[in-house]
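Here's the structure we're looking at; comments come further down.
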4 protein chains.
Amino acid sequence: MPLTAASGVYTIAVTPFEANGAIDFASIDRMMEFYLRCGVTGMTILGVMGEAPKLDAAESMAVIRRVLAGAVGLPIIVGVSAPGFAAMRALARESMEAGAAGVMIAPPNSLRTDDSIMGYYRQAIAAIGADVPFVIQDYPLNFQVVMTPKVIREIVRENPSCVMLKHEDWPGLEKISTLRGFEQDGSMRHISILCGNGGLFLDFETERGADGAMTGYAFPDMLADVVRLGASGQRDAAHDLFDAHLPLLRYEQQPGIGLAVRKYVMARRGIIASDVQRKPGGTLGAKAKAEVEYLLTRLARIDARAALQQAA
Amino acid sequence: MPLTAASGVYTIAVTPFEANGAIDFASIDRMMEFYLRCGVTGMTILGVMGEAPKLDAAESMAVIRRVLAGAVGLPIIVGVSAPGFAAMRALARESMEAGAAGVMIAPPNSLRTDDSIMGYYRQAIAAIGADVPFVIQDYPLNFQVVMTPKVIREIVRENPSCVMLKHEDWPGLEKISTLRGFEQDGSMRHISILCGNGGLFLDFETERGADGAMTGYAFPDMLADVVRLGASGQRDAAHDLFDAHLPLLRYEQQPGIGLAVRKYVMARRGIIASDVQRKPGGTLGAKAKAEVEYLLTRLARIDARAALQQAA
Amino acid sequence: MPLTAASGVYTIAVTPFEANGAIDFASIDRMMEFYLRCGVTGMTILGVMGEAPKLDAAESMAVIRRVLAGAVGLPIIVGVSAPGFAAMRALARESMEAGAAGVMIAPPNSLRTDDSIMGYYRQAIAAIGADVPFVIQDYPLNFQVVMTPKVIREIVRENPSCVMLKHEDWPGLEKISTLRGFEQDGSMRHISILCGNGGLFLDFETERGADGAMTGYAFPDMLADVVRLGASGQRDAAHDLFDAHLPLLRYEQQPGIGLAVRKYVMARRGIIASDVQRKPGGTLGAKAKAEVEYLLTRLARIDARAALQQAA
Amino acid sequence: MPLTAASGVYTIAVTPFEANGAIDFASIDRMMEFYLRCGVTGMTILGVMGEAPKLDAAESMAVIRRVLAGAVGLPIIVGVSAPGFAAMRALARESMEAGAAGVMIAPPNSLRTDDSIMGYYRQAIAAIGADVPFVIQDYPLNFQVVMTPKVIREIVRENPSCVMLKHEDWPGLEKISTLRGFEQDGSMRHISILCGNGGLFLDFETERGADGAMTGYAFPDMLADVVRLGASGQRDAAHDLFDAHLPLLRYEQQPGIGLAVRKYVMARRGIIASDVQRKPGGTLGAKAKAEVEYLLTRLARIDARAALQQAA
């Protein structure tokens, strides 16, 4: 069903591969079950962390269909950023026909002015069709494109099919406040805001007005709990839980090797069969793996302590 | 037939579109006849100036097949740069099976160290197969990746299937001399060097040791004549001819609108039916068109004068 | 006298050095006489091509004073771009007190949004004082900052002390037309526009409404003549003269070695004693020098032929 | 005394200003006392976070002298990165004469090849003199220059006056291991490694072989304790302490507003009189200040709890 609003946690799904580089569809199924168990409210596939550019067109559609098959009604957003509008349109239309809830579009890194950014989204929406709900991906650290709140407001105004901002500007807390301020002063209609950046500021992002997270941290249940605790006014509890995960979350958020950490943890937890990435991809050396293990051990100890305290 | 060496002019073919954005296959046929008449020795398709990223996968193969059908033996290089190796491999293998002579690979703009550039070509060749002749595209102005002569030498050494450098570093004359010096001191095997940059320095590039041009200037016959005159030792005549075209050639080489100028001239000469570009594309205003017309008039006058002088 | 408007040719002065790297003040004097003889209407010093960042603060002021001493009334613009506003203010105030006509300010390469560019000029003018006439330097190829015509209009509106645009966007002809259009529709007050980019498009820039050139091509007399011929309606003559110089001008405009070519030609013409640059600087190898010599010979031949034709 | 090796914590000093933008020398004195109390082993001034580019040349030297006056023997590193070598040399020589222990040099953001990075350091050291101990600042996120371990090894080999790496690559843990591996296999002499990035990975950096931190987190005593605990084999205690600070440390490490957070906390702790920055500078809104206060409150609670546990 086409997306109109979102909250909670839209996990960024990884794409599992077998040792020979083939897509591991069995792991996709297991991963879907895991995400559903974690209480995620939606999912985003074929994003940067889904190794989307490493799939060819047929593989992309195969992944989309398998994920949709296991989604049991969970809304699925498909990343359709592409070097050109023909490929973007093809992927967007096929995805929606297959049952996706919407698409996500990132700006190409050549855009350098406010007008060029707004013009890009105008042309992209003309290409994919105004009936396809879309998410703006605002990720300057990766794309080198900076969108001011005014530019985002203008994209929202020009394109009624814009339903969400994936927010991963950095720093970004004031941006959330500014956008929510635009809604309050009536200059912008409401859109959903889900935050990325690996969740590194999720504890405060929801307090600023974000609806939740869109990121792929290997413990999506923690993200979901933090959003839930925050929404129910349990501020300290939300921060306690978040802070317990912060050492690992920060470790996973390292550029270049973040996906390797995430896949390693997911493989170790039995969610996917292998942490293999297609080339080019980061890998973890023995020392890095030991560091992750140490962080997992510390996390388990803190969790145990918290359980004891709750029981007491 | 797989390419082993090249000289003369490999024209960068445009991709002609109809007013509605559909690929104009009739214009491709006419364009092929034109290029053959001009004395080009090869052709490169689906490069930056061929609007490659604006085609979807099926369209790319359709263009490749139509061009190959009209090439009557002329070697065709296919640009296969892609965001990932799966798509690159698919396009490269299909192109070679269809009869292409080789492929061209540009580095992604995220590469920032010598090792990462060499590693990229290593992985790319592993992906497409070591049996596919390939051309290194060295175009820092566009790709933000700078390859030193030593890095190019290393890529050539590591990859026996490297047959050519498309040289469009800027400034680049010393780079040609350095690479040819490597060949003379025995530290690098010989590869072909064809130069881009719209031909802006072709007059001296061949004198430095380049084998010719790989660029799409709307008068490929001039480029071919300049290479021929230079090769036969007629230096002044080569420069006279080149200089006569330089005002227009420089105008066509403007980033952002260069392709619009090129397609306008080609449409006006009846080579393609329309100068339409797919979005996003530059367009020429009335003043720019008048400027191109003025440059064409001046070019015609100079050509006429030269013909008179030769007759005298 | 503070600058209010400008036309003709503001040459970008080089900074001559002795073999040991010391500033060559005698050559500055000779250079000033040369520029005056060439018919330039103003001068810009301590720009990128004046090796400004290679001078310390005291040296910068010494160069400014020496140039002003030889300027006999010619307006002198001083480049005051600096990593911070304290240094910018110091250089701007000292320059104006010493007799400069105005200053030129380039945006730092970190600016990525329209608002940040306008904000930067607002802060810069607050720092140097609203009484100092200033020139916007719009040079995206070098600074990676893209200013749309609307942003320039806003800077002009916000800052009454803005008197000129140094235009070296690329492509840039439409930008001149757009800005002049703003003046005609009353949305922007008139400012002077002088063009850079080594003069590569000067032939058309003046036709689009630019007031002339601000660039350092080693034959400023040609630039001045082209502007003069254009202004008096002798279009073909302007283009004939320009085209005769285009092969050398293009050669001099190569990034990285352009200044080496310029200083080589100026030293060879006896204008400065030596073509030495402070480090880091480009140098010309033997082949490049021979190429410049060849271009100078061809230029002399064409000049001689033109003189004969005029005499006939 | 010229620096030969370093360990522990070299704090990156802020530059305190009065409300009117003047340098606040009294706060410098108080800040020096604070840093000494915290157990820092050295200090770096006029770095990015010291607002160095916002000072003019005379102000820079005044800050250096005041800091040296209060340093009572603590080694002081001065950031001397400058747009040109003349200014770099002047600042380096004056700093060393005034009593600095060494200088820190960052690569300019235009460098794009291994050779150009090595060449830059060669020219810089030739400019400042081979007798001045220097620190390589390796900070790709900010400078866009990526130095491989091999390039760092080469800079160390070529320049005997290189005594330290300020390591803030990201991700960077493997880089530390690789460099220490070079020392073990005898291919590189030993240098000190102090880590930046706001301390975000200090817990593991020391375990990988780094000698400590060079960063300006507002609680330098924590950084010093973490290094000390790690060095004495108390791994869990080091991580416990580090993790307690991580929520605030992460908040302070946000690009753009990090310095505003740091100065706010320092002003609130009475270390400097005001959190004023010179323009351009980030500022904290009311919500951000409240967030910092909340983080400080949580930190105090955790500290109290830890004290209780230790007492128990």
*If you bin every alpha carbon distance in the protein assembly as shown into 20 Å steps from zero, what whole percent lands in each bin?*
10, 38, 39, 12, 1, 0
*Length-normalised contact order for segment A:120-222 - Cα pairs under 8 Å, 6+ apart - percent*: 24
*Beta bridge orientation in chain B: antiparallel %, DSSP, nearest 5*: 5
*Kirkwood Rh, angstrom, segment D:86-235 [1 / mean 1/r, Cα pairs]*: 16.0
*What does the average come to when, for each residue of peptide A:10-16, you count the partner chain Cβ atoms lying within 10 Å of its Cβ?*
0
*asked:* If you count only protein heavy atoms and use a 1.4 Å probe, how large is the accessible surface of A:Ser116, to the nearest 10 Å²?
replied: 40
*Express the relative contact order of segment A:152-295 as a whole percentage, based on alpha carbon pairs under 8 Å and six or more residues apart in sequence.*
17
_Can you work out the Karplus-derived ³J(HN,Hα) for every residue in segment A:58-70? Use 6.51 cos²θ - 1.76 cosθ + 1.60 with θ = phi - 60°, whole Hz, and x for glycine or proline._
5, 4, 4, 5, 5, 5, 4, 5, 5, 5, 4, 4, x
_In whole Hz and in residue order, list the ³J(HN,Hα) couplings for segment D:246-252 that follow from phi through the Karplus curve 6.51 cos²θ - 1.76 cosθ + 1.60, θ = phi - 60°; x for Gly and Pro._
4, x, 6, 4, 4, 5, 6
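Take the Cα atoms of chain B, build their convex hull, and give its volume per residue in Å³.
Cα-based convex hull of chain B, divided per residue, equals 126 Å³.
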*Can you tell me the FRET efficiency between D:Ala286 and C:Thr283 if r is taken as the Cβ-Cβ distance and R0 is 60 Å, rounded to the nearest 0.05?*
0.60
_Just want to confirm a number: the relative contact order over chain D, from Cα pairs under 8 angstrom separated by 6+ residues, in percent._
20
*Considering only protein heavy atoms, what is the solvent-accessible area of A:Thr41 at a probe of 1.4 Å, reported in Å² to the nearest 10?*
60
*So how far apart, in nm, are the two label points at B:Asp131 and C:Leu36 if each is 7 Å from Cα heading toward Cβ?*
7.6
*Going by accessible area, probe 1.4 Å, with all protein chains left in place, what is the ranking of A:Arg30, D:Arg122, largest first?*
D:Arg122, A:Arg30
_Viscosity 0.692 mPa s, temperature 37 °C: give me the Stokes-Einstein translational D for segment A:202-312 in µm²/s, with Rh taken as the Kirkwood radius over C-alpha pairs._
217
*Which whole-Hz couplings ³J(HN,Hα) result when phi for each residue of segment B:158-165 is put into the Karplus expression 6.51 cos²θ - 1.76 cosθ + 1.60, θ = phi - 60°, listed in order with x for Gly and Pro?*
6, 10, x, 7, 6, 10, 7, 10
_Under 25 °C and 0.890 mPa s, how fast does segment A:1-112 diffuse according to Stokes-Einstein, given a Kirkwood radius computed over C-alpha pairs? Answer in µm²/s, whole number._
172
*asked:* Rounded to whole Å, give me the distance from the Cα center of segment A:153-192 to that of segment D:230-257.
replied: 33
*Calculate how many DSSP beta bridges within the protein assembly as shown are antiparallel, expressed in % of all such bridges and rounded to the nearest 5.*
5
_Quick check: the distance between the Cα centres of segment B:50-105 and segment B:266-312, to the nearest angstrom?_
29
*Quick one: which residues, 5 or more positions from C:Val103 or on another chain, have an amide H under 5 Å from its amide H? H modelled 1.01 Å from N in the peptide plane, none for Pro or chain starts.*
C:Val78, C:Phe134, C:Val135
_Protein-protein interface of segment D:72-99, residues with accessible area decrease of at least 30 Å², isolated chain reference, 1.4 Å probe_ = D:Pro83, D:Phe85, D:Ala86
*asked:* Using only the heavy atoms of the protein chains and a 1.4 Å probe, how would C:Ser274, B:Ser7 rank by accessible area, largest first?
replied: B:Ser7, C:Ser274
*asked:* Using a Debye calculation, one point per C-alpha and no hydration shell, please list log10 I(q)/I(0) for segment B:99-159 at q = 0.12, 0.24, 0.25 Å⁻¹ in order.
replied: -0.27, -1.04, -1.12
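The values are calculated or read from the model by the stated rules, or taken from the named source; none is laboratory data. These numbers come from a predicted model, not from an experiment. All Cβ positions, glycine included, derive from the backbone under ideal geometry; neighbour counts span all protein chains shown. For the accessible areas, the whole protein counts, side chains as well, though only heavy atoms, and no ligand, DNA or RNA atoms are used. Shrake-Rupley method; radii C 1.70, N 1.55, O 1.52, S 1.80 Å.
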